[in-house]
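Each value in this text was obtained by applying a stated rule to the coordinates, not by laboratory testing. A quick note: this is a predicted structure, and the numbers were derived from the prediction, not measured. Positions of Cβ are backbone-derived with ideal geometry, glycine not excepted, and every protein chain shown enters the neighbour counts.
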Amino acid sequence: MSSEKRRDPRFDIEQKLWCEGQNNMEARNMSRSGMFIMTDQPREVGEEITISFDGDDGTIEVKAEVMRKVDAKPGDKAGLGLRIVGFGQGEDAYDRFVKKQLQEQGIDGESKKSDG
């Protein structure tokens, strides 16, 4: 039995992000439904944040909930596991971005969620 709990495949990436006046953030992996980011200013589990980045088709603005927090080690950034709960703009552009990254990294892009 697989221990994989995520419903969507993730891909590794180093993507600069912006979050409500905070510029020193970077996504380490992403999927259609979430991402793991590194930040100098961690948030608390349960907090909702809005992050944005420049995709191929313009700015993408993602609304996400902090699901997991990994405290920073000395001289490093903290990690946050985020679940995407909505979009301010660019949802279609995000879908295309994710699909392109999965294809480029040779990852099967089929979702694991069931229909019933």
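Some observations on this one:
- Relative contact order of the chain, defined on C-alpha pairs under 8 angstrom at six or more residues apart (%): 25 percent
- Computed from label points 7 Å out along Cα-Cβ, the spacing between V85 and D71 is 2.5 nm.
- Relative to one another, the C-alpha centroids of segment 70-92 and segment 4-55 are positioned 3 Å apart.
- Proportion of all alpha-carbon pairs of segment 1-89 beyond 23 Å (%): 17 percent
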